Amino acid sequence: MHTVKAIYPGTFDPLTNGHLDLIARGAKIVDELVVAILRNSEKGTPLFTVPERLEMIAEAVSGMPNVSVTTFDGLLVDFARQQGARAVLRGIRAISDYEYEFQMAMMNRKLDPELETLFMMPAEKYTYVSSRLIKGVFRLGGDVTSLVPPLVVERLKAKGPLGE
């Protein structure tokens, strides 16, 4: 019997309770889950540096023995191959996510037919939560304490209300 290793890729800027929900649930399904932070994202100026995100996620998943955290550049299929992963874990919150995720899954399949994509829906209470929304609400002085882990709240407060 072989073990199943999966990659959960993303920018995680910042890590949300929705991400943690998927990590915890995904870790129950696969033998090993690698949370992989994309280093060169096209999603604009990051709120947290890659080392800060790595540190926060590592702390948040420290109680999950089959979860590790790392970073990657370039094609996800190449990274998955280097890691010996057989699957990619992705969250779908709404129909709007589906179209993008479907395109990515099909392209990944074209590039590596052996790599499967596992789609998971977050718990209902996190279906509207995104890192982009968290950053927007936080920058305008809104309370995001119920949407991100406490360690992320501390880091957000340290940055100041405008994320400076």
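The values are calculated or read from the model by the stated rules, or taken from the named source; none is laboratory data. Being a predicted model, the structure only gives us computed values, none of them experimental. With ideal geometry, Cβ positions are generated from the backbone for all residues, glycine too; neighbour counts draw on all protein chains shown. What goes into the accessible areas is simple: the full protein's heavy atoms, side chains included, and nothing from ligands, DNA or RNA. Shrake-Rupley method; radii C 1.70, N 1.55, O 1.52, S 1.80 Å.
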Helix-only [θ]222 nm of the chain, DSSP H runs n ≥ 4, -39500 (n - 2.57) each, per residue, nearest 500: -12500 deg cm²/dmol
Label point at GLN103 placed 7 Å out along Cα→Cβ; residues across region 9-51 whose backbone nitrogen lies under 15 Å: 42-43
Angle between the chain longest axis and helix 50-60 axis [Cα atoms, degrees, rounded to 10]: 80 degrees
Partner aspartates and glutamates for LYS159 [C-alpha distance under 19 Å; skip if fewer than 8 residues away on the same chain]: ASP13, GLU52, GLU55, GLU59, ASP143
Relative contact order for region 5-164, counting Cα pairs under 8 Å that sit 6 or more residues apart, in percent: 29 percent
Cβ-based charge dipole, region 1-128, positive-most Cα from PHE119, ASN66, THR45: PHE119
Estimated dipole of the chain in Debye, rounded to 20 [Cβ of Lys and Arg +1, of Asp and Glu -1, Cα centre]: 160 debye
C-alpha long axis of helix 95-111 to longest principal axis of the chain, angle in °: 40 degrees
Partners for LYS110 among lysines (Cα-Cα distance below 21 Å; same-chain residues under 8 apart left out): LYS5
Relative intensity, log₁₀ I(q)/I(0), of the chain from a Debye sum that treats every alpha carbon as a point, q = 0.13, 0.16, 0.20 Å⁻¹: -0.61, -0.93, -1.44
Per residue accessible area of the chain, 1.4 Å probe, in Å²: 57 Å²
